[in-house]
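This report refers to the structure that appears directly beneath it.
The values are calculated or read from the model by the stated rules, or taken from the named source; none is laboratory data. Note that the structure is a prediction, hence the values are computed from the model and not measured. Counting neighbours? That spans all protein chains shown, and the Cβs are built from the backbone with ideal geometry, glycine included. All accessible areas refer to the heavy atoms of the entire protein, side chains included, with ligands and DNA or RNA removed. Shrake-Rupley method; radii C 1.70, N 1.55, O 1.52, S 1.80 Å.
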Amino acid sequence: MVRIFGFLIGLFFSGWLVVSFVIGASEFVTNPPVKSPEYAFHEEPKDISFPSDGPLGKFDRQQLQRGFQVYKEVCAACHSIRLVAFRNLAEIGYNEDEVKAIAANWPIPTPDIDPATGEMSTRPSLAADKFPKPFANDVAAGAANNNAIPPDLSLITKAREGGAPYIYSLLTGYQEPPADLPEANRPGPGLHYNPYFANLNLAMAPPIVVEDQVSYSDGTKASIEQMSADVSAFLIWSAEPKLEERHQTGWAVIAFLLIATILAYLSYRTIWADVKAEKKKKIADDA
């Protein structure tokens, strides 16, 4: 009796699931969900590659230096890279004297404490210092940027879905809103339409607006696309400066595992051959 009762309960719930599925599928077909404007007008990152992409990727030091120049002249006034120290610039090709000069001449001084009075003060940066923040705190950052706090860029290519292609797309994606964009989704005061941003409207004004906004010392043409790609590459490096070492270590580990596998297989074959020979010898001796 208990089994029959349990079977009926199970049959009831199974039937209810089938009916619910049929009703839901019918509703989906007859009244498909309406895409929100944020979904309908949002665009995926542009297809762009960087020298550091892939398991064999390596940084282009000249591009990283150009990207740092774009960061310094365009982005640093609002965005920090608080996890990077000036001395880390040696990894992208600057020599010791150049690093010291960049640190000493950085327009934002490093916070310090006056040893004589114990009060807060500032001083020129040293090579060992990390890049100072452009604002004292989030309150000051928001006050200077229409209540929008500029994010730190140290790990931005790892923190944002799409990585460096997303950053590149965002920098090159500012445009006029489409004519069919609903009024409620049009940029309000202090906002700028960018289809690569999640809600389409971005508080950051276009940072790279004209060609030759930055003068490259290596003669590279500073188009909007070039500057955007260069600073995106620099931010790949800032997020993962040991990327090349990781690639090299990965290949070394693969080579080690491959060799170890081959040696283990050969050892197995040798041992198995010895075992078979021993068995044959034993059978022959027994005969």
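Got a sec? What order do Thr117, Thr157 fall in by accessible area at 1.4 Å, biggest, i.e. largest, first? Mind dumping the intermediate values first?
Values: Thr117 85, Thr157 20 Å².
Largest accessible area first, the residues go Thr117, Thr157.
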| said: Given a Förster distance of 30 Å, report the FRET efficiency between Leu11 and Ala198 from their Cβ-Cβ distance, rounded to the nearest 0.05. | reply: 0.05
| Where is the GNM fluctuation largest for the chain (alpha-carbon springs, 10 angstrom cutoff): Val74, Val84, Val18? | Val18
| With every protein chain left in place, what is the accessible area of Trp272 in Å² (1.4 Å probe, nearest 10)? | 120
| field | Most mobile of Pro206, Pro111, Pro165 in a GNM of the chain (Cα contacts under 10 Å) | value | Pro111
| remark: Subtracting the Cα-Cα distance of Arg82 and Val19 from 0.36 nm times their residue separation yields 17.0 nm
| said: Are there any trypsin sites (Lys or Arg not before Pro) in the range 205-259 that are in a DSSP loop and have at most 14 other Cβ atoms within 10 Å? List them by number. | reply: Lys221, Lys242
| Farthest positive-ward along the chain dipole, Cα basis, beta-carbon charges - from Ile283, Phe86, Thr270 | Ile283
| Solvent-accessible area per residue for the range 82-202 at a 1.4 Å probe radius, Å²? | 57
| note | Among the range 38-64, those whose backbone N falls under 20 Å of a label point 7 Å along Cα→Cβ from Ala255 are 54-59
| task | Provide the FRET efficiency to the nearest 0.05 for the Asn145-Asp53 pair, computing r from the beta carbons and using R0 = 25 Å. | result | 0.20
| Could you give the nm distance between label points at Arg61 and Ser215, where each point is 7 Å from its Cα heading toward the beta carbon? | 2.5
| Theoretical FRET efficiency, 1/(1+(r/R0)^6), r = Cβ-Cβ of Glu161 and Ala40, R0 22 Å, to 0.05 | 0.75
| So, with +1 on the Cβ of K and R and -1 on the Cβ of D and E, and no other charges, what is the size of the charge dipole of the chain about its Cα centre, to the nearest 20 debye? | 1360
| request: Under a 10 Å cutoff between Cα atoms, tell me which one of Ile167, Ile48, Ile254 has the largest fluctuation in the Gaussian network model of the chain. | output: Ile254
| Which of the residue pairs Lys72/Lys133; Lys72/Lys158; Lys46/Lys158; Lys100/Lys130; Lys158/Lys221; Lys58/Lys158 have a Cα-Cα distance greater than 19 Å in the structure shown? | Lys72/Lys158; Lys158/Lys221
| task | Return the whole-Å distance between the Cα centroid of the range 160-220 and the Cα centroid of the range 37-57. | result | 15
| said: With the alpha-carbon atoms as the only input, what is the per residue convex hull volume for the chain in Å³? | reply: 389
| In the chain, carbon and sulfur make up what percent of the accessible area (probe 1.4 Å)? | 61
